[in-house]
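Reading through the structure tokens given below for one structure.
The values are calculated or read from the model by the stated rules, or taken from the named source; none is laboratory data. Keep in mind that this is a model prediction, so the values were computed, not measured. Please note that ligands, DNA and RNA were not included when accessible areas were found on the heavy atoms of the full protein model with its side chains. Shrake-Rupley method; radii C 1.70, N 1.55, O 1.52, S 1.80 Å.
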Amino acid sequence: MHSIVVLTGAGVSADSGLDTFRGAGGLWEGRRAQDLATPEAWDRDPAAVWRFYQMRRARLFQAEPNAAHFALARLERELAAREAPFLLVTQNVDDLHDRAGSRPLHMHGHLDRLRCEGCGWSGVDRTHLDPDRFVPCAACGRERLRPDVVWFGERPRELERIERAVAACTLFFALGTSGNVYPAAGYLALARSRGARTLVSGLEAPENLGPRDEFRAGRAVDVVPGIVDEMLRGLGNVLREDHGVK
Ligand code: OAD
């Protein structure tokens, strides 16, 4: 029985108009995006971090899922119908996979949610988008909620579950990710070391690409639907045989 894990990164949402972290989006107010995505930046200059995230939140609410998101949702549906193990893990904090019909694990959290560092409240918020005004916590009155995302130095979510699935998978895809933020960047090597077939795609080869990995260059909207078609065609026989359906 095949078991598939797909890891996605910012490149998959780039074709929906959302900036990647290290790509052409470049600097924001003279700073690198990854320097704003830290608890230290939030402590030192919460107004700048808030403006940055409010800009990203506003863009997200204008964006739509693209052909790559829809293709991965189709893969998930078709595999579920065959009861084949499948897990979509995303580093993306946008909800475009979810809106396309997938049920991903968001290891870096959610841009459409806010969270209170005081009382722990968290919830969906798509209405407060003013870049210059913090949102107070309605539950405990704390002055400002933070984006419900994982920042550098914080622990990504669902790590045990993800690592178990990656270690056990027979097919691993890494799509639209630069492969330099750990622990996510380590999953390709983990899957490879356990004998999984590994397929990687993005505009350019990521830093963690190994000689045994298959690499397809291109934009996610052009490449991912083809990969999904190919997988479903290729897996069709294997999965049918596993279920005794001839
Ligand atoms: P990056 O911005 O590091 O990398 C984006 C990748 O997508 C690059 O490899 C690009 O070549 C590729 N890419 C760009 N446009 C593309 C397109 N149209 N189609 C396909 N690929 C394209 O983003 P991530 O790897 O997702 O974490 O970054 C990982 C994590 O680092 C993020 O989740 C974030 C971060 O900074 C936190 O905030 C904790």
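Listed values, structure above:
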quantity: Long-range amide H partners of Gly101 with built H, under 5 Å; calculated: none
quantity: Amide hydrogen neighbours beyond the local backbone of Val200, cut-off 5 Å, H modeled; calculated: Ala174, Glu214, Phe215, Arg216
quantity: Kyte-Doolittle mean at least -0.5 and Cα axial length at least 30 Å: DSSP H helices in the chain; calculated: 220-242
quantity: In sequence order, calculated HN-Hα J values of segment 175-186 (Karplus, 6.51, -1.76, 1.60; Hz; x Gly/Pro); calculated: 10, x, 10, 6, x, 10, 10, 8, x, 4, 5, x
quantity: Long-range HN-HN contacts of Leu111 with modeled amide H, under 5 Å; calculated: Asp94
quantity: Solvent-accessible area, 1.4 Å probe, carbon plus sulfur percent, for segment 77-225; calculated: 49
quantity: Relative contact order (percent, whole number), the chain, Cα cutoff 8 Å, 6+ residue spacing; calculated: 24
quantity: Distribution of pairwise C-alpha distances over the chain, 5 Å bins, in %; calculated: 1, 6, 13, 17, 19, 15, 11, 8, 5, 3, 1, 0, 0
quantity: Candidates Arg216, Arg115, Arg31, ranked by Gaussian network fluctuation over the chain, Cα under 10 Å, top entry; calculated: Arg31
quantity: Cα shape, segment 1-147, gyration tensor, a/c 1.5 rule; calculated: prolate
quantity: For the chain, built as a Gaussian network whose Cα springs stay under 10 Å, the top-fluctuating residue of Asn92, Asn208, Asn180; calculated: Asn180
